[in-house]
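The values are calculated or read from the model by the stated rules, or taken from the named source; none is laboratory data. Just so you know, these numbers come straight off a predicted model, no measurement behind them. For neighbour counting, all protein chains shown are included, and Cβ atoms are generated from backbone atoms with ideal geometry for every residue, glycine included. Note: accessible area is taken over every heavy atom of the protein model, side chains too, but ligands, DNA and RNA are not part of it. Shrake-Rupley method; radii C 1.70, N 1.55, O 1.52, S 1.80 Å.
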Amino acid sequence: LERVRNRVAAAGVRNAEFVASDLTEHLGSSQYDVVLAIECLVEIEDDRRALQMLAAALAPEGLLLVHVPARDWRPVLSSSPPIWRHEVRHGYDRAELERMIEEAGLLVVETRGSYRRLVQLAQEMRDRIKTAPTWSRALALPPMMLAVWLERAGLTWGSEQAVFVVAVRPPDAPDQT
């Protein structure tokens with residue numbers, strides 16, 4: 001958190017707050033314009049409670065952005081871990097995630113897959129070299145960027161490996177805490 005706080009401050013952003021919190025506990029009421037839940041819900045035992053707390057923390061018309069591994073997520077490389085970091089469940093399907101977000105009192109405005117197997121492969125390669133010397137990580141950056149570009153151009157394979165959801169808190173939604 002300190003690293004991201006420093007980067008944001010250096011960029012001149014003054015209206016962003018980064019807080020370490022237990023997402024299943026009260027996070028505030030109607031105070032945030034945007035809340036992110038990026039690749040963390042699969043690691044939270046009571047994910048429904050976490051979504052309720054995130055929804056309650058949103059100001060009216062605030063946005064919740066959620067990114068989670070897909071239920072059928074699998075590694076590309078056989079030597080990669082078969083689970084998602086500290087998962088307590090193995091991903092979500094779109095309908096299940098949308099239902100959970102709606103049960104938390106939010107309106108889902110967009111749901112889509114965020115990447116397929118080519119970017120998954122690039123991520124697995126990145127995980128293997130993250131402690132390597134800087135020069136070798138720098139050499140790996142162009143192929144990883146190429147993987148993202150190719151995937152955006154539709155040159156990839158396989159099923160969606162993650163789900164991205166945008167939801168909004170209705171202006172008249174009551175707190176769910």
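Taking Kirkwood radius over Cα pairs in Å as calculated from this structure, the corresponding entry among [x] 16.6; [y] 17.8; [z] 16.1 is [y].
For the chain, the 222 nm mean residue ellipticity estimated from helices alone, with every DSSP H stretch of n ≥ 4 adding -39500 (n - 2.57) and the total spread over all residues, rounds to -11000 deg cm²/dmol. Using θ = phi - 60° in the Karplus curve 6.51 cos²θ - 1.76 cosθ + 1.60, the 3J(HN,Hα) couplings for segment 60-76 round to x, 6, x, 10, 10, 10, 10, 10, 9, x, 6, 4, 8, 4, 9, x, 7 Hz; x is entered for Gly and Pro.
Which whole-number percent is the relative contact order of the chain (Cα, under 8 Å, 6+ apart)? Mind dumping the intermediate values first?
Numbers: 298 pairs, mean separation 49.4, N = 177.
With pairs under 8 Å counted, the relative contact order is 28 percent.
Note on the chain: with a GNM built from Cα contacts shorter than 10 Å, the maximum mean-square fluctuation among 122, 138, 57 falls on 138. Note: relative contact order over segment 47-97, using C-alpha pairs below 8 Å and six or more positions apart, is 32 percent.
Within segment 72-177, what whole-number % of the accessible surface is contributed by carbon and sulfur, with the 1.4 Å probe and all protein chains included in the calculation?
Carbon and sulfur together cover 61 percent of it.
Looking at the chain, the DSSP beta bridges with both ends there are about 65 percent antiparallel.
Taking the centroid of alpha carbons for each part, segment 33-48 and segment 50-74 are 6 Å apart. What you get for the chain, charging only the Cβ of Lys and Arg (+1) and of Asp and Glu (-1), is a dipole of about 1000 debye around the Cα centre.
3J(HN,Hα) couplings calculated from phi for segment 31-39 with the Karplus curve 6.51 cos²θ - 1.76 cosθ + 1.60 (θ = phi - 60°) are, in sequence order, 10, 10, 7, 9, 10, 10, 10, 9, 6 Hz; Gly and Pro show x. The GNM of the chain, with springs linking C-alpha atoms under 10 angstrom apart, assigns the highest mean-square fluctuation among 20, 132, 147 to 20. Average accessible surface for the chain: 59 Å² per residue, computed with a 1.4 Å probe over protein heavy atoms with every protein chain in place.
Of the peptides 58-70, 100-112, the ranking by mean beta-carbon count within 10 Å, highest at the top, reads 58-70, 100-112.
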